[in-house]
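Dropping the structure in here first, questions after.
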Amino acid sequence: MTRFFLFVVLSLLSVLPAWAQAPPPRPWVIATYAYPQRDRAAAIQPLADYLGLRARHPVQVRLFASPTALVAALRRGDVDVAVPNLHGYLQARRAGETLTTLPVPQVPALQADRYRAVLIARQGLEAPGELERQAKTLRLVLVGRDSASGGFVPVRELRRRGLEPAKAFGHLAYAGSHAAALEAVVTGGADVAALAADVYDTDRPAGVVELWRSEPIPPGPLLCRPAADVPCQQFAAWLLEAHDEAPSVMTALRMGWPEFGDANRFMVPDRQLLDASDLRIEP
């Protein structure tokens, strides 16, 4: 009997080292991009925790400098699930790569209608054709190259008017945030600015006029990089259940993205809306 137990113990000892050395599963990387005055890492942490808990799989959160950098990391395989803005989503779609479109926050209709871009200017530029006539002497401020409401959407309008931002204006600068873009016109640091309509509507400062307002801009859906160890379709199903299973997911996302308004659940994105021709990114 003693010899039998000794045999069992030795057998277990010979097996344990191999078992103990088995590598743990690779953590899924849930990532987004940074924005001034918004703790985006904290905003996506509940999302990462939720997906990890549902799958019993390790996760980690990463933050990239911009939506473009986020999409580049997704393409490299350094990110598994991305929370982009609309510009990042459209960049990923344009690349023609096999990325899975995940659900998007369901923004209440009235709030979704308010998410638009505006072109504003100092008083005196509101007359038809005046912007085009004086452009060469004007200072233009955009929020950022990757911004939707403060970037590519109003840039399309300027190009429609025959104004290439980098060439048609006397000076082009990037403010970094919507509030900073508005402030630049208010304080005289710029003559024309593009930004989110809700930021402008909150103050509507004296001496500033609205030149143009876009149609509502849809938020960009989450993206997933399909791989053998990344169940994108399962993620999509879990996100559609998150309002019941983990309400903190959407609560945190709303803190990071004001354009999500009072959204409390995810929905399947409207692909027809996202494929609209006026949302194409031009070089």
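Return the pairs, sorted by first residue and then second, in which the second residue is among the β-branched types (Val, Ile, Thr) and part of a strand (DSSP E or B), the first residue lies in the stretch 34-53 and is under 14 Å from SER66 (Cα atoms) and open to solvent by less than 50 Å² (accessible area, probe 1.4 Å), the beta carbons are less than 7 Å apart, and the residues are 6+ apart or on different chains.
Taking only residues 6 or more apart or on different chains, the pairs are ARG40/THR32; ALA41/VAL61.
Give the residue that is most open to solvent (accessible area, probe 1.4 Å), with candidates limited to residues of the stretch 156-180 that are part of a helix (DSSP H, G or I) and in contact with a Leu (Cβ under 7 Å, 6 or more places away or on another chain). Spell out how you get there, then give the answer.
If we filter the stretch 156-180 for residues that are part of a helix (DSSP H, G or I), which is where we start, we get 156-160, 165-168, 178-180.
Imposing the further condition that a residue be in contact with a Leu (Cβ under 7 Å, 6 or more places away or on another chain) reduces the set to 157, 165-166, 178.
Values: GLU157: 15, PRO165: 7, ALA166: 77, HIS178: 28 Å².
This residue is ALA166.
Would you check if there is a residue in the stretch 127-139 being open to solvent by less than 10 Å² (accessible area, probe 1.4 Å), within 15 Å of PRO205 (Cβ to Cβ) and in contact with a helix residue (DSSP H, G or I) (Cβ under 8 Å, 6 or more places away or on another chain)?
The initial filter retains those residues of the stretch 127-139 that are open to solvent by less than 10 Å² (accessible area, probe 1.4 Å), namely 131, 135, 138.
From the residues that got through so far, the ones that are within 15 Å of PRO205 (Cβ to Cβ) too are none.
Checked the stretch 127-139: no residue is open to solvent by less than 10 Å² (accessible area, probe 1.4 Å), within 15 Å of PRO205 (Cβ to Cβ) and in contact with a helix residue (DSSP H, G or I) (Cβ under 8 Å, 6 or more places away or on another chain).
Out of all the residues in the stretch 187-223, which are surrounded by fewer than 14 Cβ atoms within 10 Å (Cβ to Cβ) and of a type in the set (Val, Ile, Thr)? Quick ask: steps written out before the conclusion?
At the first step, the residues of the stretch 187-223 found to be surrounded by fewer than 14 Cβ atoms within 10 Å (Cβ to Cβ) are 187-188, 201-207, 215.
Residues satisfying the conditions are THR187, THR202.
For the stretch 102-126, name all the residues that are within 18 Å of LEU253 (Cβ to Cβ) and in contact with a Phe, Trp or Tyr (Cβ under 8 Å, 6 or more places away or on another chain).
LEU102, PRO103, VAL104, PRO105, GLN106, VAL107
So, of the residues in the stretch 81-133 that are without any contact (Cβ under 8 Å) to a residue 40 or more places away in the chain and of a type in the set (Asp, Glu), which turns out to be farthest from ALA180 (Cα to Cα)?
Per the stated criteria, the residue is GLU97.
If only one of ARG156, ARG161, ARG139 is charged (D, E, K, R), in contact (Cβ under 8 Å) with a residue 60 or more places away in the chain and farther than 30 Å from ASP49 by Cβ, which one is it? Quick ask: steps written out before the conclusion?
Values: ARG161 fails: in contact (Cβ under 8 Å) with a residue 60 or more places away in the chain; ARG139 fails: in contact (Cβ under 8 Å) with a residue 60 or more places away in the chain.
Just a single option satisfies the conditions, and that option is ARG156.
If you scan the stretch 78-104, which residues turn out to be part of a loop (DSSP other than H, G, I, E, B) and open to solvent by less than 30 Å² (accessible area, probe 1.4 Å)?
Residues of the stretch 78-104 that are part of a loop (DSSP other than H, G, I, E, B), as a first pass: 78-80, 83-85, 95-99, 102-103.
Of everything in the stretch 78-104, those that are part of a loop (DSSP other than H, G, I, E, B) and open to solvent by less than 30 Å² (accessible area, probe 1.4 Å) turn out to be VAL79, ASP80, VAL83, PRO84, ASN85, LEU102, PRO103.
Checking HIS243 against (1) in contact with a Lys or Arg (Cβ under 8 Å, 6 or more places away or on another chain); (2) closer than 17 Å to ALA41 by Cα, which single condition isn't satisfied?
(2)
For ALA148, which of the numbered conditions (1) surrounded by 13 or more Cβ atoms within 10 Å (Cβ to Cβ); (2) in contact (Cβ under 8 Å) with a residue 40 or more places away in the chain; (3) more than 18 Å from the chain's Cα centre (by Cα) fails to hold?
For ALA148, the failing item is (3).
Okay, next question. Name every residue in the stretch 191-218 that is farther than 17 Å from ARG145 by Cα and in contact with a strand residue (DSSP E or B) (Cβ under 7 Å, 6 or more places away or on another chain), in order of residue number.
Let us first name the residues in the stretch 191-218 that are farther than 17 Å from ARG145 by Cα, namely 191, 197-216, 218.
Residues satisfying the conditions are ASP191, ALA197, TYR200, GLY207, VAL208, VAL209, GLU210, LEU211, TRP212, ARG213, SER214.
Please verify whether GLN111 is at pLDDT 95 or above and closer than 30 Å to PHE266 by Cβ, treating the condition exactly as stated.
Numbers: at pLDDT 95 or above: no; closer than 30 Å to PHE266 by Cβ: yes.
Taking the combined requirement at face value, the residue does not satisfy it.
Now for a different question. Of all residues in the stretch 105-115, which are in a loop (DSSP other than H, G, I, E, B), open to solvent by 30 Å² or more (accessible area, probe 1.4 Å) and not aromatic (Phe, Trp, Tyr)? Outline the logic, then answer.
We begin by selecting, within the stretch 105-115, every residue in a loop (DSSP other than H, G, I, E, B); these are 106-108, 115.
Adding the requirement that they be open to solvent by 30 Å² or more (accessible area, probe 1.4 Å) leaves 106, 108, 115.
Those that are in a loop (DSSP other than H, G, I, E, B), open to solvent by 30 Å² or more (accessible area, probe 1.4 Å) and not aromatic (Phe, Trp, Tyr): GLN106, PRO108.
Output the residue which, of all residues in the stretch 57-74 that are touching a helix residue (DSSP H, G or I) at 6+ places or on another chain (Cβ under 8 Å) and either among the charged types (D, E, K, R) or assigned to a helix (DSSP H, G or I) (or both), is most open to solvent (accessible area, probe 1.4 Å).
It comes out as ARG62.
Could I ask something else about it? Working only within the stretch 260-273, note down all residues that are touching a Leu at 6+ places or on another chain (Cβ under 9 Å) and either open to solvent by 80 Å² or more (accessible area, probe 1.4 Å) or not aromatic (Phe, Trp, Tyr) (or both).
GLY261, ALA263, ARG265, MET267, VAL268, PRO269, LEU273, listed by residue number.
Let me ask something else. Please indicate, with yes or no, whether at least one residue in the stretch 166-176 is under 27 Å from ARG75 (Cα atoms) and small (Gly, Ala, Ser).
Pass one, the stretch 166-176, residues under 27 Å from ARG75 (Cα atoms): 174, 176.
Subset that is small (Gly, Ala, Ser): 176.
So far as the stretch 166-176 goes, yes, one or more of its residues are under 27 Å from ARG75 (Cα atoms) and small (Gly, Ala, Ser).
The values are calculated or read from the model by the stated rules, or taken from the named source; none is laboratory data. Quick caveat, the model's predicted, so the values are computed rather than measured. Positions of Cβ are backbone-derived with ideal geometry, glycine not excepted, and every protein chain shown enters the neighbour counts. Ligands, DNA and RNA are excluded from the accessible area calculation, which covers all protein heavy atoms including side chains. Shrake-Rupley method; radii C 1.70, N 1.55, O 1.52, S 1.80 Å.
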